[in-house]
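To start, the structure itself, in structure tokens.
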Amino acid sequence: MKTDLILAGVGGQGILTIAAIIGQAALLEGLYMKQAEVHGMSQRGGDVQSNLRLSDRPIASDLIPRGQAELILALEPMESLRYLPFLKQDGWVVTHSQPYLNIPNYPAPEQVNEELRKLPRTVALDVEKIAKDLGSAQVANTVMLGAATPFLGIGYHRIENGVERIFRGKGEAIVRLNLQALRAGADAAQAHRNP
Amino acid sequence: MGKHLFLGDEAIAQAAIDAGLSGVYAYPGTPSTEITEYIQNATEAKEKNIRSKWCVNEKTAMEAALGMCYAGKRALCCMKHVGLNVAADCFMNAAMSGVHGGLIIVTADDPSMHSSQNEQDNRVLGNFAMIPMLEPSCQQEAYDMVYNGFELSEKTGYPLLLRITTRMAHSRATVETRRKKEQNRLSFPQDGKQRFILLPGIARQRFKALLKAQETFTRESEVSPYNVYFDAPDKRLGIITTGIAFNYLSENYPEGFEHPVLKIGQYPLPRKPIERLANACGEILVLEEGFPVVEEQLKGFLGRGLILHGRLDQTLPRDGELTPDSVGRALGKSIVAYYDVPEIVKQRPPALCAGCGHRDVYEALNEVLKSYPDTAKVFSDIGCYTLGALPPFHSIESCIDMGASITMAKGAAEAGVFPAICVIGDSTFTHSGMTGLLDCVNEQTPVTIIISDNETTAMTGGQNSAGTGRLESICRGLGVAEEHVRVMIPLKKNYEEMKGILREEIAYKGVSVVIPRRACIQTLKRKHPVRK
Ligand SMILES: Cc1ncc(C[n+]2csc(CCOP(=O)(O)OP(=O)(O)O)c2C)c(N)n1
């Protein structure tokens, strides 16, 4: 088993929490893992990414080679496109559909969607809306992670365990809400996956 | 003992704690910051009374670390690569005195400049100081090197330089920790005065001792578990890797190496395995993260010419960090099909946060400087406020090294620039700005120094800032006239007042310090999270 994934977003969106949950799940599953993060300068509203590698064999490089990622998981649609060179030809792009507008020259949303449509396998969801429907915009990232669960190569139950571990300190209610969010994301991905 | 998912930085921190650390000394700087933060937050470190507060700069940090080692205890001193420039005076001379308790100096280099002004490779400085160096290839090795490193430092009597790069510092992997060691007791070096008083007569002796110690260091490298020779059948090429370059090589040979490989993790370069590789192979490819340090050193290393490939002959790019792909290309591996980045994807540079006080400072300053089109020059410095270089502000002319804003403004004023303005952050001011301010005061140079005070070290994640609450008294103490130390609150509603103060102080033909003060909104958020 091997899953290479790139987490992408804008500084401050919280891709590292998603990475931490997957990391916990991988640890419980007994997998090898490497995760390269970007800290510092780029966190001020700039583009951020993290390379996450999971495998049942030891992993050499912290960075994913070009054309080898099974998955790009993005909290922002244009950011999902930035890392396409790392995606396998038949890899999945799972992304939040709503743009994060903090630059003056952001492309027209239709252009972004068109680029996404050119790819063979995508899921684009408005995870903020799904999160709000659950009663808290704050769980949008967990919805996003839920949407990626079919493509991670780790059992769904393990990801649930990861969510429990990461949010344990914040109380029972928060854990439950995040488990719901995870489920909502997974369901929505099944309904909206292309193909 | 147990398995943990650690950043490289965290592995180093935990290893130091497990190895009986008594103090960590550091100034924040990406990608080294998390080492010290980990120790600051570790309950275990509190129980053991491990000293861990932030220092004013890297030089004060290293000197204090050396003092702790003088007293027999184990100390860790951490910085980003450019921090070692600041601490270089102590660094070079600590190699002369040597240490008593173990000292590990960590330099976190940043090839590709993810968050830095340059990509200097501090192995050059390690060689310059002629002390042993360690360069881990993975988080476990980083842990082991620190865990065992204090003994190596104590055995040889010299500080060690541990060199990591961004991808090691900020990448997570599983690490197995070991049995905890006791902290050292207070003790003094027997021959202390003959080592630590570097008067010329003693220094000459110490330099001879350092030169002599090179043999010991090389012998240590030759038996080091971090320098490993892997034999393989195809001897047309031999490969030398240092640090994490080994991983990129391995990534390209999932089924095992085709060519003999020498993996280096400890310096000075081990002579015997290099001789073995050179005798066995026709040509040598050097894979190293950073400058072509080993590649250059190998040229005359064996007293004969070797056919070398690497960054110098363009087999690999001369700049930037290595990647599995650039290493693959150097090995002549075929290219996997990949997508291009669509043209519509635009750059998303970092920016000052909405609501940040630095924004208000630049807006008011830009307004005021409209009265001096073309003549006003604003020298700035390193921190979040450097983002004032970007649109919509375009306010600043320079960002060179910490503290340079004040002294560059001084030099420019002396060259005839008016108004000569400086914008510096509070942490940068105490790091390296205070001495330059004293220079200005001593000559009454007409400069307007704006210390944009957000009461934190924001750029690196909101660490405490050494002068918080005392900036005015520091400036007055250095001799700035009381009436020319002006404080204001950078908010839109205060623009008229802010502009008025700036105009008055620019008009003053002497040293003035303007302190716009408003807490960093990110730091505030972390301290008082909004509950929803
Ligand atoms: C010699 C050196 N040490 C550390 C750093 C890392 N660094 C860059 S900016 C910065 C903090 C600046 O803080 P401050 O001046 O208060 O400005 P703020 O980011 O809070 O606006 C640090 C520590 C550096 N660039 N150079």
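The values are calculated or read from the model by the stated rules, or taken from the named source; none is laboratory data. Given the structure is predicted, the values throughout are model-derived calculations rather than measurements. Quick reminder, even Gly has a Cβ in these numbers, built from the backbone with ideal geometry, and neighbours come from all protein chains shown. Just so you know, the surface numbers come from the protein's heavy atoms only, side chains and all, with ligands and any DNA or RNA stripped out. Shrake-Rupley method; radii C 1.70, N 1.55, O 1.52, S 1.80 Å.
Structure values in brief
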read-out	value
20 Å-binned pair-distance histogram of chain B (Cα, whole percent)	21, 47, 29, 3
Förster radius 30 Å - calculated FRET efficiency between A:MET1 and B:HIS4, Cβ distance, rounded to 0.05	0.85
Efficiency of FRET from Cβ geometry, B:GLU258 and B:LEU302, R₀ 22 Å, rounded to 0.05	0.40
Cα-based Rg / Dmax (Å) for region B:357-525	14.2, 44
Test item: Cα-centred dipole of the protein assembly as shown, Lys/Arg +1 and Asp/Glu -1 on Cβ, debye	1440 debye
Extended-chain gain in nm, criterion 0.36 nm per residue less alpha-carbon gap, B:PHE128 and B:SER112	3.5 nm
Viscosity 0.692 mPa s, temperature 37 °C, Stokes-Einstein D of region B:1-125 from Kirkwood C-alpha radius, µm²/s	225 µm²/s
Farthest positive-ward along region B:228-330 dipole, Cα basis, beta-carbon charges - from B:PRO292, B:LEU312, B:LEU277	B:LEU277
Estimated distance in nm for a label pair at B:GLN214 and B:TYR508, the labels positioned 7 Å out from Cα along Cα-to-Cβ	5.5 nm
Two-decimal Rg/Rh across chain A, once Rg and the Kirkwood Rh are taken from alpha-carbon atoms	0.94
Computed accessible area, B:ARG503, all protein chains, 1.4 angstrom probe, square angstrom	110 Å²
Contact order relative to length of chain B, as percent, for alpha carbon pairs under 8 angstrom and 6 or more apart	11 percent
Within region B:401-502, trypsin sites (Lys or Arg not before Pro) in DSSP loop having at most 15 other beta-carbon neighbours inside 10 Å	B:ARG470
Simple label model, 7 Å out from Cα along Cβ direction - B:ILE489 to A:GLU114, nm	5.1 nm
Dipole magnitude (debye, nearest 20) for chain A, charges at Cβ of Lys, Arg, Asp, Glu	280 debye
Beta bridges by DSSP in the protein assembly as shown, antiparallel share as percent, to the nearest 5	30 percent
Cα-based helix-to-principal-axis angle, B:404-415 vs chain B, degrees rounded to 10	60 degrees
Among B:431-437, B:80-86, the order from most to least packed when residues are scored by Cβ within 10 Å on average	B:80-86, B:431-437
Computed over chain A: relative contact order in percent, which uses C-alpha pairs under 8 Å that are six or more apart	22 percent
Calculated SAXS-style log₁₀ I(q)/I(0) at q = 0.22 Å⁻¹ - region B:228-330, Debye, Cα scatterers	-1.25
Positive dipole terminus of region B:106-251, leading residue within B:THR107, B:SER187, B:ALA169 (C-beta point charges)	B:SER187
Over region B:2-222, volume per residue of the alpha carbon convex hull, in Å³	111 Å³
Average beta-carbon neighbours from other chains, 10 Å sphere, peptide B:344-357	6
Whole-angstrom gap from region B:152-220 to region B:337-364, using each part's C-alpha centre	43 Å
Largest to smallest accessible area among B:ASP319, B:ASP234 [probe 1.4 Å]	B:ASP319, B:ASP234
Accessible area in the full protein assembly, largest first, 1.4 Å probe, for A:LEU27, B:LEU161	A:LEU27, B:LEU161
Rounded to 10°, Cα long-axis angle of helix B:434-443 versus longest principal axis of chain B	50 degrees
Virtual paramagnetic centre 7 Å along Cα→Cβ of A:ASP187, amide N under 20 Å, in region A:144-169	A:144-151, A:156-161, A:163-164
Accessible carbon and sulfur surface of region A:43-195 relative to its total accessible area, %, 1.4 Å	49 percent
Most fluctuating residue given options A:ALA181, A:ALA140, A:ALA108, as computed from a GNM of chain A linking Cα atoms under 10 Å	A:ALA108
Charge dipole (debye, nearest 20) of region B:148-212; +1 at Cβ of Lys and Arg, -1 at Cβ of Asp and Glu	100 debye
Computed lengthening from B:SER473 to B:GLU496, 0.36 nm per intervening residue step minus Cα-Cα distance	5.7 nm
Square roots of five times the Cα gyration tensor eigenvalues for the protein assembly as shown, Å	39, 38, 25
Net length gained if the chain between B:VAL223 and B:ASN464 were fully extended (0.36 nm per residue, minus Cα distance)	82.5 nm
MRE, 222 nm, helices only [DSSP H, n ≥ 4, -39500 (n - 2.57), over chain B, to nearest 500]	-11000 deg cm²/dmol
Heavy-atom accessible area ranking, 1.4 Å probe, most first, across B:ARG276, A:ARG82	B:ARG276, A:ARG82
Shielding by partners, peptide B:168-176 (average Cβ within 10 angstrom, other chains)	6
Spacing of the two label points (7 Å from each Cα toward its C-beta) at B:LYS46 and B:ALA280, in nm	5.2 nm
Hydrodynamic radius of region B:309-424 per Kirkwood, over alpha carbon pairs, in Å	17.8 Å
Solvent-accessible area buried by B and A, counting both chains, probe 1.4 angstrom, square angstrom	4300 Å²
